[in-house]
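FYI, it's all coordinate maths here, none of it is from the lab. Everything numeric in this text was worked out from a predicted model, so none of it was measured. Cβ sites come from the backbone with ideal geometry, for glycine too, and all protein chains shown count toward neighbours.
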Amino acid sequence: MVEEKQWYQSKTIWGALLAVGASFMGALGITIDAVAQADLADALIQLIGAIGAMTAIYGRLSATEIIS
């Protein structure tokens, strides 16, 4: 059985959201060079992955029943 990913589990979606955010910032007169934007995207994607992992660990440690 293949498990489907949710939209928020895709690094492509998060990268696209960051690009949209950078575009809005540019429209407001706040500019970020491409290198800084790429570094920011990498850092945020890693942070989101870490938060997801911590959530999974917390869920597993606080589980009271076995999933069958």
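Structural remarks
- All positions within the range 7-65 that are part of a helix (DSSP H, G or I), among the polar types (S, T, N, Q) and within 10 Å of the chain's Cα centre (by Cα): GLN9, THR12, GLN46
- Flag if ILE48 is among the β-branched types (Val, Ile, Thr) and touching a helix residue (DSSP H, G or I) at 6+ places or on another chain (Cβ under 9 Å): yes
- Residue pairs meeting the criteria (Cβ under 9 Å; at least 6 apart or on separate chains; first without any contact (Cβ under 8 Å) to a residue 12 or more places away in the chain, in the range 9-26; second in a helix (DSSP H, G or I) and surrounded by fewer than 11 Cβ atoms within 10 Å (Cβ to Cβ)): ILE13/TRP7
- When residues of the range 41-68 are limited to those that are surrounded by 10 or more Cβ atoms within 10 Å (Cβ to Cβ) and of a type in the set (Gly, Ala, Ser), the one farthest from GLY21 (Cα to Cα): ALA56
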